[in-house]
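Asks: Dumping the structure here so I can ask a few things about it.
The values are calculated or read from the model by the stated rules, or taken from the named source; none is laboratory data. Note that the coordinates shown come from a computational prediction; the quantities given were computed from them, not determined experimentally. So basically every Cβ, Gly included, is an ideal-geometry build from the backbone, and we count neighbours across all protein chains shown. Remember, those area values only see protein heavy atoms, side chains included, never the ligands or the DNA or RNA. Shrake-Rupley method; radii C 1.70, N 1.55, O 1.52, S 1.80 Å.
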Amino acid sequence: MRQIQIDRFGGVDELILREAPVPVPGPGEVLVRLQAAGTNPIDYKMRDGSSGAVRGLTAEDFPLVLGREGAGIVESVGEGVGGVHVGDLVFGVLPFGRAAHGTPVQGCYSEYALFPEPSLSIAPAGADVIPLAGLALAGSTAWVAVHEQARVQAGEKVLVHGGAGGVGQLMVQLCRAAGAEVWATASTRNQDRLRELGATPVDYTTTDFRQVVPPVDVVLDAVYFDTFVPSLDQLVDGGRIVVLPTLADTTPAKQRGIEVHIPAIHPMPDELADLARRINDGLMSLEVSQVLPLDQVAEAHRQLETGHTRGKIVLDLRG
Ligand SMILES: NC(=O)c1ccc[n+]([C@@H]2O[C@H](COP(=O)([O-])OP(=O)(O)OC[C@H]3O[C@@H](n4cnc5c(N)ncnc54)[C@H](OP(=O)(O)O)[C@@H]3O)[C@@H](O)[C@H]2O)c1
């Protein structure tokens, strides 16, 4: 099979296309023949070594395969797997860290990948594999942020920073589905998308959000750098803020006694299957702005590194 490996942390030139043996599923594992893989900012942060997810890896852990999510057909299952079957169309997000046998969990920039069974959801009949491949990581993050950490309620006011991005688009829609009123920020070219998602758009390139957004119950911040501290002034007493980048410094919120969270995703196969059904039925949208072949993964990383991709970039592995 073909896969993209890195031999060390570094720039996009470290992403190398190689042939590799197809792995064999161990107990509780599922081998998926991937049709598509989602890309995420965590991928370039793992590639350059800056992500907490690769802390503790040593030279012996390379080559490493990046890519945390994907969709495809179950090829074979290990001992004890009962919920998914050979031939099922599934999608999922891989855990971080090491597998049971001690080596790092290898990623989805690959024609086949091993998933622990709880990390997979069954796709709805007729699902389009491209958005499906980009759903699991962003969907789990949005679900944790909106429902578990911010606990968004009907009638509440919510501000989403980065509403047109991979996670932002889902956070806006989950808040709207929960009955909240939503303001969202993006640059000029993405204002239409924010409106489509059901948010009142705010163009951060022309407008200071503090001038146009009322006090809110919840801020969901997918950006952090120039948005986090100013957003603290936007919260009502008892407000909650969720900031996405895992290395965000939340001290300024804690010092002011403001409830603050950083999402830590966990397996949620049923919730993700529900999101996939809603997308399949046209009740929600997951925009994929670009589809690239596996050998152009470096281009996906270059774009993600700008911090200005819209929706998701997905690798099509069917070629
Ligand atoms: N904690 C976790 O488990 C977890 C999970 C997933 C992601 N994350 C992190 O969350 C962040 C967002 O992830 P993502 O996948 O949604 O990223 P993404 O798809 O790259 O989103 C980028 C979006 O942010 C917008 N943006 C950039 N600067 C902005 C600003 N100053 N104000 C408002 N919007 C701005 C961009 O819109 P314009 O192009 O219009 O500027 C773009 O659409 C990343 O740092 C990622 O690593 C954390």
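Asks: Report, by chain and number, residues whose modeled amide H sits under 5 Å from the one on Glu69, excluding near sequence neighbours (fewer than 5 apart, same chain).
Replies: Gly38, Leu94, Cys108
Asks: Also, quick follow-up: Taking 0.36 nm per residue of separation and subtracting the Cα-Cα distance, what length does fully extending Ala177 through Arg151 add? Please report the intermediate quantities before stating the final value.
Replies: Working: separation 26, 0.36 × 26 = 9.36 nm, distance 1.28 nm.
Difference between extended and current length: 8.1 nm.
Asks: So, one more: List the lysines whose Cα lies under 17 Å from the Cα of Lys45, skipping any in the same chain that are fewer than 8 positions away.
Replies: In chain and number order, the partners are Lys312.
Asks: Still on this structure: Using only the alpha carbons of the chain, determine the length spanned along each of the three principal axes and report them from longest to shortest in whole angstroms.
Replies: Here the Cα extents, ordered largest to smallest, are 57, 41, 34 Å.
Asks: Fully extended, how many nm does the chain gain between Thr306 and Gln255 (0.36 nm per residue separation, minus their Cα-Cα distance)? Intermediate values should be presented prior to the final figure.
Replies: Details: separation 51, 0.36 × 51 = 18.36 nm, distance 3.11 nm.
In short, 15.2 nm is gained.
Asks: At a temperature of 37 °C and a viscosity of 0.692 mPa s, determine how fast segment 1-106 diffuses translationally according to Stokes-Einstein, using the Kirkwood radius over alpha-carbon pairs as Rh; express D in µm²/s, rounded to the nearest whole number. Could the numbers behind the result be given before it?
Replies: Values: Rh = 14.7 Å.
Value of D from the Cα-based Kirkwood radius: 223 µm²/s.
Asks: Let me ask something additional. Ignoring ligands, DNA and RNA, what percent of the accessible area of the chain is carbon or sulfur (1.4 Å)? Before the final figure, lay out the partial values.
Replies: Details: 6780 of 13180 Å².
Here it works out to 51 percent.
Asks: On to the next question. So, by mean Cβ neighbours within 10 angstrom, what's the order for 138-150, 229-241 with the highest one leading? Walk me through the numbers before you get to the answer.
Replies: Numbers: 138-150: 23.4, 229-241: 16.2.
Sorting 138-150, 229-241 by mean packing, highest first, produces 138-150, 229-241.
Asks: Right, something else. Could you sort the peptides 308-318, 202-212 by per-residue average Cβ neighbour count (10 Å cutoff), highest mean leading? Could the numbers behind the result be given before it?
Replies: Working: 308-318: 21.8, 202-212: 13.3.
Top to bottom by mean Cβ count within 10 Å: 308-318, 202-212.
Asks: Could I ask something else about it? Could you identify which residue out of Ala199, Ala59, Ala184 has the top mean-square fluctuation in a GNM of the chain using Cα springs shorter than 10 Å?
Replies: Ala59
Asks: Considering only DSSP states other than H, G, I, E and B, which trypsin sites (Lys or Arg not before Pro) in segment 1-108 qualify as loop sites with at most 12 other Cβ atoms within 10 Å?
Replies: Working: sites: Arg2, Arg8, Arg18, Arg33, Lys45, Arg47, Arg55, Arg68, Arg98; in loops: Arg8, Arg55, Arg68.
Those satisfying the criteria are Arg8, Arg55.
Asks: Follow-up. Residues with beta-carbon under 14 Å from that of Glu305, excluding Glu305: net charge, scoring Lys, Arg +1 and Asp, Glu -1?
Replies: Working: positive: Lys45, Arg47, Arg302; negative: Asp13, Glu14, Asp43, Asp48, Glu299.
Result for the local shell: -2.
Asks: Which chymotrypsin sites (Phe, Trp or Tyr not before Pro) in segment 222-319 pass both tests, a DSSP loop state and at most 12 other beta-carbon atoms within 10 Å?
Replies: Values: sites: Tyr224, Phe225, Phe228; in loops: Tyr224, Phe225.
Passing sites in segment 222-319 are Phe225.
Asks: With r as the distance between the Cβ atoms of Asp203 and Phe96 and R0 = 22 Å, compute the FRET efficiency 1/(1 + (r/R0)^6) and round to 0.05. Walk me through the intermediate numbers first.
Replies: Details: r = 35 Å, r/R0 = 1.58.
That pair, Phe96 with Asp203, gives E of 0.05.
Asks: What FRET efficiency do you get for Arg189 and Ala264 if R0 is 41 Å and r is their Cβ-Cβ distance, rounded to the nearest 0.05?
Replies: After rounding, the FRET efficiency stands at 0.80.
Asks: For the pair Ser289 and Val236, what calculated FRET efficiency results from E = 1/(1 + (r/R0)^6), where r is the Cβ-Cβ distance and R0 = 35 Å, to the nearest 0.05?
Replies: Numbers: r = 34 Å, r/R0 = 0.98.
The formula returns an efficiency of 0.55 here.
Asks: Between segment 1-42 and segment 85-139, what is the C-alpha centre distance in whole Å?
Replies: What the calculation gives is 12 Å, centre to centre.
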